[in-house]
1. So, of the residues in the range 150-162 that are open to solvent by less than 60 Å² (accessible area, probe 1.4 Å) and not aliphatic (A, V, I, L, M), which turns out to be nearest to ASP53 (Cα to Cα)?
2. Could you please give the count of residues in the range 39-83 that are of a type in the set (A, V, I, L, M, F, W, C), assigned to a loop (DSSP other than H, G, I, E, B) and open to solvent by less than 60 Å² (accessible area, probe 1.4 Å)?
3. Could you look through the range 116-145, keep only residues that are out of contact with any helix residue (DSSP H, G or I) (no Cβ under 8 Å at 6 or more places or on another chain) and among the β-branched types (Val, Ile, Thr), and pick out the one that is surrounded by the most Cβ atoms within 10 Å (Cβ to Cβ)?
4. Residues to consider are SER266, SER259, SER219, SER299; find the one that is touching a helix residue (DSSP H, G or I) at 6+ places or on another chain (Cβ under 8 Å) and more than 29 Å from ARG493 (Cα to Cα).
5. Would you check if there is a residue in the range 243-252 being at pLDDT below 95, hydrophobic (A, V, I, L, M, F, W, C) and part of a strand (DSSP E or B)?
6. If we keep just the residues of the range 561-588 that are closer than 15 Å to HIS548 by Cβ, of a type in the set (A, V, I, L, M) and assigned to a strand (DSSP E or B), which is nearest to the chain's Cα centre (by Cα)?
7. Which count do you get for residues in the range 172-206 that are more than 12 Å from VAL140 (Cβ to Cβ) and touching a residue at least 40 places away in the same chain (Cβ under 8 Å)?
Amino acid sequence: VARFGRLIGLGALPAPGRVEVTPYATARAQLQSAALASALEGKQTGSASAGVDLKLRATSSLTLNATVNPDFGQVEVDPAVVNLSAFETFFPERRPFFVEGADLFEFGRLRAYNTGFAPTVFHSRRIGRAPQGEVPGGAVAANLPDASTILGAAKLTGKSAGGWTVAALTAVTAEEQATWLDGGGARHETPVEPRTGYGLARLRRETAGGDRQFGVFSSAVIRDLADPGLAAAVRERAFVTGIDFNQRMGRRTWALDASLAVSAVSGTAEAIAATQRASSRYLQRPDREVTRYDPTLTSLRGFTGQIALTKTGGTHWLGNLAYQTTSRGFESSDLGFMVIADRHQFSELIGYQETKPGRIFRNYVVALYANHNFDYDWVRTYQVVSGRFEAGLKDFSGGAVVVSRAFSANEDQFTRGGPLVLEKPSVSTQLQYQSDPRRRWRLGLEVSGTARSNGGNERQAGASFALQPNGTLTLAVSPHYTGQRVVAQPVGRSTDPLATATYGVRYLFGELKLRQMALETRIDWTYNPRLSFQMYLQALVSVGEYSHFKELRAPRTFEFNEFGVDGGSVTRANGEVHLTPAGAGAVPIALADPDFNYRSLRANAVVRWEWNPGATLFLVWQQGREGVVPGRGLDLAGALDQPSRNVFAIKATWWLAR
């Protein structure tokens, strides 16, 4: 787009109305299986609500959007996932109020082809998030809300008279209560999410004909933590401020991008201690050269920065150099999304492209790239070198081949806060194919595999088939299979003074055999511009079998003592695993049996009828089925046998404008 010409001479365009008001009303009914009903929530429940959306064109280039008590019941449900990692699952934003104009809030964009992981300073899914608190351990039944209620939100977007692109947002969510019963049947309520205020502002200015951009970003999260339990679980205040810069050079064939952000979070000592122990940093790790975990702190500060030089244009050669760093104390997950801190990340790529059609290929790209990660003690935590060949064929189909080799590195997430473990080398291969996207039917295939020198492996195969018999109907089916053997999957830990080699703690693992099958189906039918139907269906079955229970023998190795083989014993009975370490006086260990057979079915169907210009009626049906069953069978149809929860909703909106 940077190479496109300029569009001029449009003349005077008619100005739209300045004010739009869209009130709504919704009614909802929930029906669930008897197995899910309880003394707190029966088989049938119902509710009704109302709210309003407002759009005000403050000037010809600035628009104010506001919403009071918004309802997003027509938005597609999130797919089910089985997450065995130390990190949170990322789900994209789908709510219309936050999706519209979302690109204006982007910060720290790198145009590099190959980069590491950088924290995201704004992820709108945090507004209205699922409650973070818990009910007391003695509760025999509990009813927790699925999400926090958004009382109101407003955003201002557009351009100022001085040429600044403006994006500002503010929102307030309500305090959420969980209802629970104690052993005597008494009913209680406990706050599980505080009243929270969110605010952020993003300013960006372009100069030099759009070749240079400079921007600033600032966000704040403030929580009302009157409840001591919540004050120990979540942070009270969180702030992030940053600047970013983008420059095109060399006749727009080179790009220089950079950003820097700082953060400050505060709260009770318990909340900040939990922040230090989070999977993104694990400051309590016992084998750090200098102890940095301080349970008495009530605030934490840090920074993140990145810079990349990228060759984006030219006849054939492409490439980039990138450096990204995130300090141990940086924290952006209150209003952003963050995977890892305590990192230096280096990324390189060199590639050759051909865009002239030849005898076989319509175009192709060959690239060699590498990534190297170190913690702030300069211990190498990850290193991989990859090669990629991607090509489009003369018939407009195409595909790609990727081969990667990961080298030995000291993994600091492996023990979930314990000492480093030496991760051994591995080799991965990925094959992709996509048929001609212009046809009425489209086929996509993807196969990948990883072989690890420690004996583990992973295999994945997926396909996507889409059929568009006419211009109004699209059917899509996507099956996916994963098979994995993990030699050492974390299952827990146990304190034992005799475990001197691992700092008085036994870090426990099991060999995991994982098999997973998923099937996604989509139907999109636009009968006419005013009437449409969308349906999403996902069935998922995941089976995990654990065996060969073991403990880490020594830090910075991949060596283990297997219970029952290298001493000690292991027994499994009544849903528990009992481990006895070798040696007189060793503390016995009891774990919940980690085997699982998880089955899930999620469905979402929406009929949308625009009964008057701008006024819409939604008919919504959602169904969720899930459960854990005995056995090891990979039965996808078995998801239909799980208890169900059905939600039926009708939502009507009216559009008023002048």
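The values are calculated or read from the model by the stated rules, or taken from the named source; none is laboratory data. Values in this document were obtained by computation on a predicted structure and should not be read as measured data. Neighbour counts run over all protein chains shown; Cβ positions are idealised from the backbone, glycine included. These area figures cover heavy atoms from the full protein model, side chains too; ligands, DNA and RNA do not enter into them. Shrake-Rupley method; radii C 1.70, N 1.55, O 1.52, S 1.80 Å.
1. At the first step, the residues of the range 150-162 found to be open to solvent by less than 60 Å² (accessible area, probe 1.4 Å) are 150, 152-158, 160, 162.
This time we only want the ones that are not aliphatic (A, V, I, L, M), so: 152, 155, 157-158, 160, 162.
On the way: GLY152: 10, LYS155: 12, THR157: 16, GLY158: 18, SER160: 23, GLY162: 29 Å.
Applying the filter and picking the extreme gives GLY152.
2. The first filter runs over the range 39-83 and keeps only residues of a type in the set (A, V, I, L, M, F, W, C), leaving 39-40, 48, 50, 52, 54, 56, 58, 62, 64, 66, 68, 72, 75, 77, 80-82.
Checking the rest, the ones that are also assigned to a loop (DSSP other than H, G, I, E, B) come to 39-40, 58, 72, 75, 77, 80-82.
From what's left, open to solvent by less than 60 Å² (accessible area, probe 1.4 Å): 40, 58, 72, 75, 77, 80, 82.
Number of matching residues: 7.
3. Here the answer is VAL121.
4. Numbers: SER259 fails: touching a helix residue (DSSP H, G or I) at 6+ places or on another chain (Cβ under 8 Å); SER219 fails: touching a helix residue (DSSP H, G or I) at 6+ places or on another chain (Cβ under 8 Å); SER299 fails: more than 29 Å from ARG493 (Cα to Cα).
SER266 is the lone residue from the list that is touching a helix residue (DSSP H, G or I) at 6+ places or on another chain (Cβ under 8 Å) and more than 29 Å from ARG493 (Cα to Cα).
5. yes
6. Result: VAL577.
7. Taking the range 172-206 and keeping what is more than 12 Å from VAL140 (Cβ to Cβ), we get 172-179, 189-206.
Filter once more, so that each one left must be touching a residue at least 40 places away in the same chain (Cβ under 8 Å): 173, 175-176, 178-179, 190-194, 196, 198, 200, 202, 204-206.
So the answer is 17.
This table checks each residue for (1) within 30 Å of PRO479 (Cβ to Cβ); (2) small (Gly, Ala, Ser); (3) without any contact (Cβ under 8 Å) to a residue 12 or more places away in the chain; (4) in contact with a Cys (Cβ under 7 Å, 6 or more places away or on another chain).
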position: GLY544; (1), (2), (3), (4): yes, yes, no, no
position: ARG553; (1), (2), (3), (4): no, no, no, no
position: GLY567; (1), (2), (3), (4): no, yes, no, no
position: PRO588; (1), (2), (3), (4): no, no, yes, no
